[in-house]
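To keep things clear, I will list the structure first and then write my remarks on it.
Bear in mind that the values in this text are calculations on the coordinates, not laboratory data. Keep in mind that what you see is a predicted model, and the values were worked out from it rather than measured. For neighbour counting, all protein chains shown are included, and Cβ atoms are generated from backbone atoms with ideal geometry for every residue, glycine included.
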Amino acid sequence: MTDLSWKAEQNGPLPGRIAPVTSSKTDSLSGTSPDSRPMRQKLSRSTDLYLDRLASFHSHERTNEGTVMQLVVIEDARQPQSASLMQAMLQLRSKVFADRLHWDVENVDGQERDQFDDQAPVYILLVEGSHQVVGSVRLHPAARCSMLRQVFPMLLEGGKLHVHPRMIESSRFCIDKHQPSPSPGYKRLKRTAAIAQPSFSSLRTRMLLAGIIDWCLSNEYLELVTATDVRFERILRMAGWPMKRLGPVTVISETESVAGSLEISKAVFERLRPEGYRPFLALTTQQRASS
């Protein structure tokens, strides 16, 4: 989940919210079928439409003390309409991984990125207001590329990861610890979540975790693998998402690190979903939107 970088940490409906699009067939998950486009192309979203909807969302927040957070999916970061959100996400990663955690990462002009950002990943962002990215995670099919296999094989039993088409790998999970400006809606949602699930304090973390499972279910993934530390492993277990270890605990950069597998299922989603959760903003292609 955190590729050893975890150290950080919606009441009313969003106007005009579109339900998640249906997933493509399983053989497209690895991108090996010559007769099908990669899933990320089939499900690519129009981010300019997203920005229009966020403007409506932000206005709704000011006039109605309801939703204050929205999950957004970017499945094609090359689109110019995604530039502002991508920049905000990379800046958040720089703030978390380079500035706060002092990891040895590539940090250029206040933005953190690595070679896996060039492998056509999917990004799930947690956005507050109209443009503030307060959380993000990177997902990519393990059969296509794998940080566990290429960077952290020492965390795997025998140094091997047994991949399959329905396995997704997560990395660069991060949450902005900065508290938002108080608003009645945020206070009410945070208070409700704290009462409902007192053992898991971070609402932003729960929202992003639930969003990961929501997207994976929509795209027919059954298993998520990741590298993290033993502290976050305990948090996941307390939240109701226990991780199955894929190898021994190994100290990396003074951190007790571990690789693990996490089940993707509706039952897990229901356990993790905070009160007031709404599905990720699923923006369709222009062709689908006009049909």
Using the Karplus curve 6.51 cos²θ - 1.76 cosθ + 1.60 with θ = phi - 60°, what ³J(HN,Hα) values do you get for each residue of segment 82-97, in whole Hz, with x for Gly and Pro? 8, 4, 5, 5, 4, 4, 5, 5, 5, 5, 4, 4, 5, 5, 7, 7
With label points built 7 Å along Cα→Cβ from the Cα atoms of Glu270 and Ser130, find their separation and express it in nm. 3.9 nm
I want to check the label-to-label distance for His164 and Ala83. Put each point 7 Å from Cα in the C-beta direction and report it in nm to one decimal. 4.3 nm
Run the quick spin-label model on Glu106 and Val249: label points 7 Å from Cα toward the beta carbon, then report their separation in nm to one decimal. 3.3 nm
